[in-house]
1. Any residue that is touching a strand residue (DSSP E or B) at 6+ places or on another chain (Cβ under 6 Å), surrounded by 22 or more Cβ atoms within 10 Å (Cβ to Cβ), modelled with pLDDT of 95 or more and under 30 Å from residue A:147 (Cα atoms) - is there at least one of those in segment A:107-116?
2. Quick check on segment A:155-165. Is at least one of its residues closer than 29 Å to residue A:317 by Cβ, outside any strand (DSSP E or B), without any contact (Cβ under 8 Å) to a residue 24 or more places away in the chain and out of contact with any strand residue (DSSP E or B) (no Cβ under 7 Å at 6 or more places or on another chain)?
3. For residues that are within 14 Å of another protein chain (Cβ to nearest Cβ) and in a loop (DSSP other than H, G, I, E, B), scanning just segment A:1-47, find the one that is surrounded by the fewest Cβ atoms within 10 Å (Cβ to Cβ).
4. Could you tell me which residue of segment A:191-208 is surrounded by the fewest Cβ atoms within 10 Å (Cβ to Cβ), considering only residues that are farther than 20 Å from residue A:279 by Cα and more than 10 Å from chain B (Cβ to nearest Cβ)?
5. Could you list, in sequence order, the residues of segment A:56-70 that are in contact with a helix residue (DSSP H, G or I) (Cβ under 7 Å, 6 or more places away or on another chain) and facing chain B (nearest Cβ under 7 Å)?
6. I need the full set of residues from segment B:95-106 which are in contact with a strand residue (DSSP E or B) (Cβ under 6 Å, 6 or more places away or on another chain) and either over 17 Å from residue B:31 (Cβ atoms) or at the interface with another protein chain (Cβ under 9 Å from one of its Cβ atoms) (or both), in order please.
7. For segment B:71-94, what are the residues that are facing another protein chain (nearest Cβ under 7 Å), over 21 Å from residue B:212 (Cα atoms) and buried (at least 24 other Cβ atoms within 10 Å of the Cβ)?
8. Filter segment B:131-179 for residues that are within 30 Å of residue A:108 (Cα to Cα) and within 14 Å of chain A (Cβ to nearest Cβ) and give the result.
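The values are calculated or read from the model by the stated rules, or taken from the named source; none is laboratory data. Keep in mind the model is a prediction, meaning the values are calculated, not measured. Glycine also receives a Cβ, built like all others from the backbone with ideal geometry; neighbour counts cover every protein chain displayed.
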């Protein structure tokens, strides 16, 4: 039954849908649908290591930090990342554990709090690219810039609340807990790790690591995690069945199975948008170039079908 | 060098002191002092498994949930517990990892998100005993009772903000992630688990586990964790060097080494207060009665001395 290890990266919509507020109940219902699909994959004999996004949860938590700031000190951005690893990790392990037991599969599920090292000289620190947290009015934005030194950008021009904080999104380099994650996965536990791209830390001169005000792309971090656990397959689940060429044109065409050098050429040609499909494709390219057997981008519903070669976009060596 | 496994339970003051607001920076500085003591213990050849309280952090997080409630849905109490496991677990593993590396000790440190099963028929559900979260005015308390069905109690009579929410504090029965925790600890990782007493869940008829609106005593949960990892020693670190007999009287007398049956008699006589030393002593009694070699209650500064038999209160078979 051993079919190799799949590193699965769950998108934010697997946990909180865009049109939802994000109550605990809503999120658990979404998680329920997600983990039933994962259970189906595990039933087929695949071994899974999981990671997940945290955009909507971190966004809500940042709003809570700010709204209560006059009473309770807001925790730093990277601490909020750690908190969402606990929150989302718990929801997944609670519901996935249930469905595995229901299918008679005796497999522990556990989330490991994960720190991911970034380079303090990453160019994104000089030129932050990732919007996080609430939307502000122009006046609020000006105040935050003066008081906290935030970098803010107008993302919805003309909107009364169109400003957001921009933070760096540096490249992930290494997972500090790699040895623990590997050991736990090797012991037969389904490990959830590096949630939200991991807690970003940088190495100091004394050998310690400090949290940094940044957000790591969860798909790029998924590649680092896939290396750590020596995965055969990297699978990025998102809201579309395929990656498309010529997206947003009338020549739009789904990509099925594609060789890595061809996908790299499309990537270099700017076929995939920076804020959406770009980093997913890049993570897949890195994985196959590193030596992975295949990288898949598809939707949750099509995950098992894509593993069986029936659908999805699969990048091969 | 192998001296057996010690389950160490850190009190809230190891992470946030009562007179502090609880900024990330303050908490990391406290954690720093705490983990340097732990490093000293590990240097002596002891193997450690860690757990910790979360009272102050959960309190702040609950305030943030409420203050932003008109904008962002507050997460349930048990989800806030999961979030503080991520928060505190990260701080400990970040700083402890640093001091271990500095001492040339190659030992991974990792936090596992932990669920603890409670009995849905625990008597504390009918008679909740644990105050959590912010203080309210009488008017706010009345509103929360009507709108959310909270049970509230006046804890500072006559104070303008003297009301608090009471939640059940049921007995911990079992750790769902026990197999993963054991495997990870056995692999040589210093495991942090069951933070804040664990995320309380109850077993449903269909075999699933649901989060419950409750808070588990972290010292009682520490005993369950100590069983899980087959610890030799349970060490509960608090703010006093010794447990005292006749506390708050002029016959106050420290307890040094004591046999479990004698300590049980003092416990039964009501020597130890319910909201403070009582549960700590009870956890120690349970541990030694289960078969543990010794249980120690002392302060952080005296932890190593107590392990060497020089100070602290030690309960033996």
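1. There is at least one residue in segment A:107-116 that is touching a strand residue (DSSP E or B) at 6+ places or on another chain (Cβ under 6 Å), surrounded by 22 or more Cβ atoms within 10 Å (Cβ to Cβ), modelled with pLDDT of 95 or more and under 30 Å from residue A:147 (Cα atoms).
2. No, because not a single residue in segment A:155-165 is closer than 29 Å to residue A:317 by Cβ, outside any strand (DSSP E or B), without any contact (Cβ under 8 Å) to a residue 24 or more places away in the chain and out of contact with any strand residue (DSSP E or B) (no Cβ under 7 Å at 6 or more places or on another chain).
3. The extreme case among them is A:19.
4. Only one residue fits best here, namely A:205.
5. Once the filter is applied, which keeps residues that are in contact with a helix residue (DSSP H, G or I) (Cβ under 7 Å, 6 or more places away or on another chain) and facing chain B (nearest Cβ under 7 Å), segment A:56-70 yields A:64, A:65, A:67, A:68.
6. Across segment B:95-106, the qualifying residue is only B:97.
7. Across segment B:71-94, the qualifying residues are B:89, B:90, B:93, B:94.
8. Listed by number, the residues that qualify are B:174, B:175, B:176, B:177, B:178, B:179.
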